[in-house]
Amino acid sequence: MRTTAAQTIIVLLLFCICAAGAQLPYDDSPAAVEQGLRIFRTKCARCHNLNAQGYTGRDLTQQWKRKLTDAQLATLITQGIPGTAMPPIKLDSTQTAHVVVYLRSLRGPARVDTGDPKKGEALFWGKAECSKCHMVRGRGGRLGPDLTQVGFLRSKSFLIRELRNPSDYVPRGYDPVMLVTNSGERVKGVRKNEDAFSIQIMDENENLRMFEKSDLRDISQLDQSLMPAYDPDRLSEAEYNDLLRYLAGLQ
Amino acid sequence: MKKFALILITVQLSFGQNITTQDLLNGLKAPARWLTYSGDYSGQRHSPLSQIEASNVSRLKTAWIFQTGVAGKFEATPLVIDGVVYVTGPENHAWALDAKSGREIWHHVDNLPPSMDVCCGKVNRGFAVYRDKLYMTTLDANLVALDLKTGSVVGGVIIDDYKKGYSATAAPLVVKDKIVVGIAGADYGTRGFLDAFDAASGKLAWRFWTIPKPGEPGGDTWAANSWERGGGSTWLTGTYDPELNLIYWGTGNPAPNLNGANRQGDNLFTNSLVAIDPDSGKLRWHYQFTPHDTHDWDANHIPVLADMTVGGIKRRLVFVANRNGFFYTFDRTNGELLVAKPYIRTSWAKEIGRNGKPVVLPGSEPTEKGQLICPDMDGGTNWMSPSFNPDSGLLYVTAREVCATYYSWPEEYKQGNTYWGGNSVRPRNSGYGALRAIDPLTAEVKWEFRYPTPSMAGTLSTAGGLVFTGDMEGNISAFDARTGKNLWHLQTGAPIYAAPMTFMLGDKQYVLIAAGVNLIALTLPA
């Protein structure tokens, strides 16, 4: 029986050690984030852009396809991604920790304490009409990004900005375009891809449409996102907070 | 067809195991060969081959694909000698391939030091060839000689110490009995130079420092001891005029790239075109495109040499579409500036003044809070090869129309670390690229073809009246040289960072271009 207790203690200790290893023991104070930015702008910004929104390298403020722990992210930075253009970046463990902290500051999770998430959910699927364009857990529209994990992937400030000024930042794959075909048909949609000879979009009716540019008379990038701005005319302050709380809970 | 077959037989009588000085001077006159980075010493990258031309290029098909299996930007121009393709790749890999089938004959890879920081990708732009050896620069700043037939290392010299931040990526240029080699490293605060090694002994014949010491000509254009980390890299292959006996080479940015506070002065000879005597390494003339630069506007471009009639007189010219957004044409005998006009939208200078210096506008320096300036750091064009068609009289340039918000901050020098003093933000969706046909006598853009994002691929001009190039979305294209009409394209699936080249194999013309991690060969159907 004493052995079992000892074993339990050992197992618990090991668990704690392993759990601690999954997250870097770091300080995420503003000073640490600032240090991370200084390293980022020297070592990373050439490819990922000074605002981390991507250039030849990926947009690091975008939703990542893989969920990475801090330790995995640190390894990725210092060892690079074999088979891609991401090289190993020479940094010591403190520097790496600072960069990880900085990158995390660009993203989620969103921490929201005010507002009623149930009311927010009702707004999402009702009055605010978010579900017309966005999916959550397989239900909803396809014109905008899937929001199933948006509360995990995006910070509170990002969510606020997107709701108020969606045209400020449009993720790749959702740039609004207006096409006019040679026969005069006007097609509005979001651009999935484009090269010098072809363009692939999803139109407002959620149809994937592919065009050869030789069949188009005009292609215009639109200034305004297809997402409406949720200003005080659309949602009251209380409704806004409820919606925000609901979105933050989508983890 | 018969004409080409006859020439081929004649050439094959002097078998290609020994490339002589005369062979290099002959340039692209031997149809089955491409013996130097830019095709020949002029840098025109204009092939006399015309089997593929406007009426048949739409039938161009893939002959073969060689997959390197090596990730990274594939920036090389292959050499072709009598049925064998010689190409370098990222991370100092290199291959010899059968030109008919694309099958590998040999593969070489350099052993690079495990921890090595280089700017801008572990790239290499190609071999030089002389006698029975291939010459390649390496990322740890060596010059390596490989046996043509086996790829074995048969010689090597250290150019300089990679731990100081030096690196080398350019294809060397063989001039007479010397291997001329450029260096990289200005992003790490190195002091730049151009080296010439004696081909037979491997000994250094001369070194031209692009950054002069105090007391030397140009030495008074650097405050205090900022010259010691002055930059001025020579990381792209130059060109050569055998009659004038001059080498033309571009020099790169001063360091720190975006912060000029501690290096007051024009910072000679950074961001310049230099004309050098290949026998002595002495500077004959220079022109500085962007004095005291704080935008990273390296002038590492191919200096294109052409003879054209200007005001009724035949003149020996050199032209450069510069990173700073201006197009320049000079008399290459003495550096007299004949044309200097923008070929893209610029915001930093009103014009190039009569004294040859830019008239700089206010609000065109990076600041701590950020300043919007056109063009961005990668510039109006970059290292990618332009090409010149003497029949159309046009230079085909891969141009970029991108602005950026430039930031600067204080930077402390630390050996082996980047020494930029700033960076920039480019808006993701604004800006575009274009293939532009420019008249070098007026800097006028005669036609353009727009790309949705800026291309980093070079161009190839042919006597078939075509311009071949690639783009960032992966298309290889052929354009009508006079009208700019796109006559053919192939979507290869990955960004293209190299320039195309072409050669005859038997009675068929091939075009080769590196695309993604592949080397793709194109030809007409049988």
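The numbers here are math on the coordinates, done by the rules we state, and not lab data. Nothing here was measured: the structure is a model prediction, and the numbers come from that model. Every residue, glycine among them, receives a Cβ derived from its backbone with ideal geometry; neighbour counts consider all protein chains shown.
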Under 5 Å between amide H atoms, partner at least 5 residues away or on a different chain: which partners does residue B:308 have, H built in plane at 1.01 Å? B:315, B:317
Please work out whether the range B:380-430 counts as rounded, prolate or oblate from its C-alpha gyration tensor, where a ≥ b ≥ c are the square roots of the eigenvalues and a/c under 1.5 means rounded, while otherwise a/b larger than b/c means prolate and anything else oblate? oblate
Sticking with the crude label model, points 7 Å out along Cα→Cβ, report the distance from residue B:104 to residue B:213 in nm, one decimal please. 4.7 nm
Other residues with Cβ under 14 Å from the Cβ of residue B:146 give, with Lys and Arg +1 and Asp and Glu -1, a net charge of 0
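Can you pull the mean other chain C-beta count within 10 Å for peptide A:48-55? Numbers along the way, then the final one.
Numbers: counts 0, 7, 10, 5, 1, 4, 2, 8.
That works out to 5 on average.
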Would you mind counting up the charge near residue A:27? Only other residues with Cβ under 14 Å from its Cβ, with Lys and Arg at +1 and Asp and Glu at -1. -2
In whole Hz, the Karplus estimates of ³J(HN,Hα) for the range B:311-323 (6.51, -1.76, 1.60; θ = phi - 60°; x where Gly or Pro) are x, x, 10, 6, 10, 8, 10, 9, 10, 9, 7, 8, 4
When the Karplus curve 6.51 cos²θ - 1.76 cosθ + 1.60 is applied with θ = phi - 60°, which whole-Hz ³J(HN,Hα) does each residue of the range B:466-482 get, with x for Gly and Pro? 10, 10, 9, 7, x, 9, 6, 8, x, 7, 9, 10, 10, 10, 6, 5, 8
Which order results if B:98, B:266 are arranged by neighbouring Cβ count within 10 Å, fewest first? B:98, B:266
Angle in degrees between helix A:70-79 and the longest Cα principal axis of chain A, rounded to the nearest 10: 80 degrees
Kirkwood-based Rg over Rh for the protein assembly as shown (C-alpha set), two decimals? 1.00
If I stretch the segment between residue B:279 and residue B:485 completely, what's the gain in nm (0.36 nm per residue apart, minus their alpha carbon distance), one decimal? 69.7 nm
On a 0 to 90 degree scale, rounded to 10, what angle separates helix B:2-13 from the longest Cα axis of chain B? 80 degrees
Enumerate the amide H contacts of residue B:246 below 5 Å, restricted to partners 5 or more residues apart or on another chain; note that Pro and chain-start residues carry no placed amide H. B:241
Take every DSSP beta bridge with both residues inside chain B and express the antiparallel ones as a percent of the total, to the nearest 5. 95 percent
Output ordering of B:51-58, B:457-464 (per-residue mean of other Cβ within 10 Å, highest first) is B:457-464, B:51-58
For peptide B:427-437, how many partner chain Cβ atoms fall within 10 Å of a residue's Cβ, on average? 2
Where does helix A:30-43 land angle-wise versus the long Cα axis of chain A, in degrees 0 to 90, nearest 10? 60 degrees
Can you sort A:84, B:210 from fewest to most other Cβ atoms within 10 Å of each residue's own Cβ? A:84, B:210
Tabulate in residue order the Karplus-calculated ³J(HN,Hα) for the range B:245-259, using 6.51 cos²θ - 1.76 cosθ + 1.60 with θ = phi - 60°, rounded to whole Hz; enter x for Gly and Pro. 6, 10, 9, 10, 9, x, 10, x, 5, x, 10, x, 3, 10, 10
May I ask which of B:29/B:508; A:192/B:61; B:122/B:282; A:67/A:132; B:133/B:164; B:164/B:414 have a Cα-Cα span longer than 19 Å here? A:192/B:61; B:122/B:282; A:67/A:132; B:133/B:164
Can you tell me the relative contact order of chain B? Whole percent, Cα pairs under 8 Å, sequence separation 6 or more. 15 percent
Order of B:107, A:98, B:286, A:134 from fewest to most other C-beta atoms within 10 Å? B:107, B:286, A:134, A:98
If you take each beta carbon of peptide B:452-458 and count the beta carbons of other chains within 10 angstrom, what is the mean? 2
Sorted by chain and number, the residues with a modelled amide H under 5 Å from that of residue B:321, at a separation of 5 or more or across chains, are B:328
